[in-house]
Protein chains: 2
Amino acid sequence: MLSKKTKYGIKALAYLAKRTDKTPVQTAEIARSENISPKFLESILLNLRKSGFLGAKKGKGGGYYLIKDPKEIQMTSVIRVLEGPIAMLPCVSLNYYEKCEDCPDEVTCSVHKLMIQVRDSTLKVLGENTLADLA
Amino acid sequence: MLSKKTKYGIKALAYLAKRTDKTPVQTAEIARSENISPKFLESILLNLRKSGFLGAKKGKGGGYYLIKDPKEIQMTSVIRVLEGPIAMLPCVSLNYYEKCEDCPDEVTCSVHKLMIQVRDSTLKVLGENTLADLA
DNA sequence: TTAATAACCTACTATTCCGATAGGGTAATA
DNA sequence: TATTACCCTATCGGAATAGTAGGTTATTAA
């Protein structure tokens, strides 16, 4: 299950991508429009800024704005930053790999093989979709 | 991410499916072989029995055994019983649907559309794989 | 220069879930 | 009738989630 943090983050990015002009948008405006707790959203947008998706401007008329072209932003990268691994098991994760303690051999592990298939099909969908497709 | 409960459950089912004869297998044997905490596994197998995947026999020579043919057991049904929803959001779940409070309209929701695609591709993989394929 | 604005940062909290453990009860077998 | 092994309930520490609170800093406009 996707965390609300990730869901809200995607919604906020899509909100920004929908806008025609790229002037900064305040956290409060996005929060109001998308029904998100303002303070919670604040921490998410900060996260997205630090990860290089958003730029920020302080003071009056300030806010957040997209840095890159929505077409260039794959949903895989968004989800990896907000949620973490896309795979359903650490031992099949490309970016957050961890060995299972209980599993002596990944090659013969039945669950492993299945979860690689799931990972690849998910990766395909999320890789084909960009922020532009959502907006 | 898949819970350990689900992972262990699948491993246990695969262990039973690998056996040629269908005599009962004790919890302790599966736990030893798959490196799972015996007591934890016990609750999982109980769960699988109540869900109709396993049969159980008490007393000496007792244990758990598969009720159905592994070819007939889709991984979707196993995961739904152990983990719950397969979808990444409640609002796109077929079997555990819940409306999002923050979302006024699912049809126009950007995240919703994306997660339906992810759900369908995952469902395809898990539906095509049966317990027999894992064993 | 000062007041207002809005991002930035730190810390805290309530709730829930996960992964397990403990300890006994019940039914079947030898 | 003793042993075996499933059955059931209850508990528990730790981690994560979903926020909340309160103050700091940088920018803008009056």
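Things to note:
- Tabulated pairs, region A:32-59, first within 12 Å of DNA strand D (Cβ to nearest atom), second open to solvent by 50 Å² or more (accessible area, probe 1.4 Å) and β-branched (V, I, T), C-beta under 7 angstrom, 6+ apart or interchain: A:G55/A:I67
- Scanning region A:22-54 for residues that are more than 9 Å from DNA strand C (Cβ to nearest atom) and not in a helix (DSSP H, G or I) gives A:K22, A:T23, A:N35, A:I36, A:S37, A:S51, A:G52, A:F53.
- Residue tally, condition more than 7 Å from chain B (Cβ to nearest Cβ) and within 23 Å of B:L131 (Cα to Cα), over region A:116-135: 3
- Test: A:C103 is outside any helix (DSSP H, G or I), within 11 Å of chain B (Cβ to nearest Cβ) and more than 16 Å from DNA strand D (Cβ to nearest atom): yes
- Output for region B:12-21, where each listed residue is within 16 Å of DNA strand D (Cβ to nearest atom), surrounded by 15 or more Cβ atoms within 10 Å (Cβ to Cβ) and either part of a loop (DSSP other than H, G, I, E, B) or facing chain A (nearest Cβ under 10 Å) (or both): B:L13, B:Y15
- Test: A:Y96 is within 12 Å of another protein chain (Cβ to nearest Cβ), of a type in the set (F, W, Y) and either closer than 20 Å to B:V118 by Cβ or not in a loop (DSSP other than H, G, I, E, B) (or both): yes
- Any hit, region A:68-83, residues being open to solvent by less than 80 Å² (accessible area, probe 1.4 Å), in a helix (DSSP H, G or I) and over 20 Å from B:V111 (Cβ atoms): no
The values are calculated or read from the model by the stated rules, or taken from the named source; none is laboratory data. Computed from a predicted structure; not experimentally measured. Backbone-built Cβ (ideal geometry, glycine too); neighbour counts: all protein chains shown. Surface accessibility is based on the protein's heavy atoms, side chains included, excluding ligands, DNA and RNA. Shrake-Rupley method; radii C 1.70, N 1.55, O 1.52, S 1.80 Å.
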